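The values are calculated or read from the model by the stated rules, or taken from the named source; none is laboratory data. Please read these numbers as outputs of a predicted model, since none were measured by experiment. A quick note on method: Cβ atoms are made from the backbone with ideal geometry, for glycine too, and the neighbour counts reach across all protein chains shown. The accessibility values were calculated without ligands, DNA or RNA, using every heavy atom of the protein model including side chains. Shrake-Rupley method; radii C 1.70, N 1.55, O 1.52, S 1.80 Å.
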Amino acid sequence: MAMEDKHNLKDNKELQPLLVFGPPIIFPTFEAQNSHNYRFLKAFSSQDPLHQFLTEQKVDPSSIQAILCNPAQKVSADVIRFLPSLRIIVTTSAGTDHIDLVECSRHSIQVACAAGDHAGDVADMAVGLLLDVLCKISAADRHVRKRGPSMPLNVFFGSKLKGKRVGIVGLGKIGTAVAERLEAFGCSMMYNSRKEKAFISYPFYSNVVELAGDSDVLVLCCPLNEETRHIVNREVMLALGKDGCIVNVGRGGLIDEKELVQCLMEGEIGGAGLDVFENEPIVPTDLFSLDNVVLSPHASSLTSDSLDESYKLSAEALQVFFSSN
Ligand SMILES: O=CC(=O)O
């Protein structure tokens, strides 16, 4: 039997239903490579509620054992309860905050996070956003496109990255990759994390307000959970100060977004580079007119290398599950 055939889980008569919550970024490739194993139920391409979508597809909810998803769509307790045979949820992301993990453990559902090694991509985005805010690259670009190269220069006075004191919130793989990059720019690092790290020489702060008070820049890289929700609130922003800058490549819910918008509009902080938002895909429109804010649509890990790797790991996780069940 050819190697590829051995990996086929079922013959074509018995394709496993795989419920897919979007978005279909490189899903066509994934689909082509795995169509011999799964019947793809593309919930991402329907506006209907799940029960209606499955009825239209003539699929019995109790036949579904697996979901493939990413942070763009929540896998709520209601969804989990609606699928009585659900046994595994595979997310192509590193973060799992879009999945109701409590409900999963209540029903003994495995959660596989299939993110490839994309910490470096996310760290690149963090540094890119920071440079953009400090050097006003996007603001200057908008100006040139609208009005040509002559400009009131004072509008574009930037600030240099070298020498900045950077407070990293969450010194995991991403935070460490950010620190490595910013060291090369001559920044000094300090950090907040759940626990002090034994072999890290950067100063540790257990208190984020104190970290902000000693930083010029805060970079948020930690996961979102009940302890970290709104870890950056108004008090933290006021401690960061009027020249301070926030970069968020973690999750929107790490910042109290209403307060962030307020602080930016009142000039209580100097700027922000944001790849994530509290109610994605909604971005507060008040931010659109601010030249000291750079916005990105949760795109830091959307490099073709990382996506390929994530979908490969997702396929492996599903294959391991179905071949042992
Ligand atoms: O946001 C992206 C991820 O969690 O991988």
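What the table shows:
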{"item": "For residue 262, net neighbour charge (Lys/Arg +1, Asp/Glu -1) across residues whose Cβ lies under 10 Å away", "result": "-4"}
{"item": "Segment 277-296-segment 131-206 distance, computed between alpha-carbon centres (Å)", "result": "18"}
{"item": "Length added when fully stretched, residue 106-residue 288, from 0.36 nm per residue minus Cα-Cα", "result": "61.3 nm"}
{"item": "Among 30-42, 173-185, 279-291, 236-248, the order from most to least packed when residues are scored by Cβ within 10 Å on average", "result": "236-248, 173-185, 30-42, 279-291"}
{"item": "Order by protection proxy (mean Cβ within 10 Å, highest first), peptides 296-303, 138-145, 118-125", "result": "118-125, 296-303, 138-145"}
{"item": "Principal-axis tilt of helix 119-135 within the chain, Cα atoms, nearest 10 degrees", "result": "30"}
{"item": "Selection from 21, 267, 324, by position along the positive dipole direction of the chain (Cβ)", "result": "267"}
{"item": "Helix 304-323 vs. the chain, principal-axis angle (Cα, 0 to 90°, nearest 10)", "result": "30"}
{"item": "D_trans [Stokes-Einstein, Kirkwood Rh over alpha-carbon pairs] for segment 5-137, 20 °C, 1.002 mPa s, µm² s⁻¹", "result": "130"}
{"item": "For segment 119-295, size of Cβ-based charge dipole, Lys and Arg +1, Asp and Glu -1, in debye", "result": "540"}
{"item": "Protein accessible area in the chain, 1.4 Å probe - carbon and sulfur %", "result": "51"}
{"item": "FRET efficiency estimate (nearest 0.05) - Cβ-Cβ, residue 312 to residue 185, R0 35 angstrom", "result": "0.60"}
{"item": "Prolate/oblate/rounded label for the chain (Cα gyration tensor, a/c 1.5)", "result": "prolate"}
{"item": "Cα shape, segment 119-295, gyration tensor, a/c 1.5 rule", "result": "prolate"}
{"item": "26 Å Cα-Cα threshold exceeded, pairs from 74/195; 42/173; 197/242; 74/136; 58/312; 136/258", "result": "74/195; 42/173; 197/242; 74/136; 58/312"}
{"item": "Of 101, 140, 54, farthest towards positive along the dipole that unit charges on Lys, Arg, Asp, Glu beta carbons give the chain", "result": "140"}
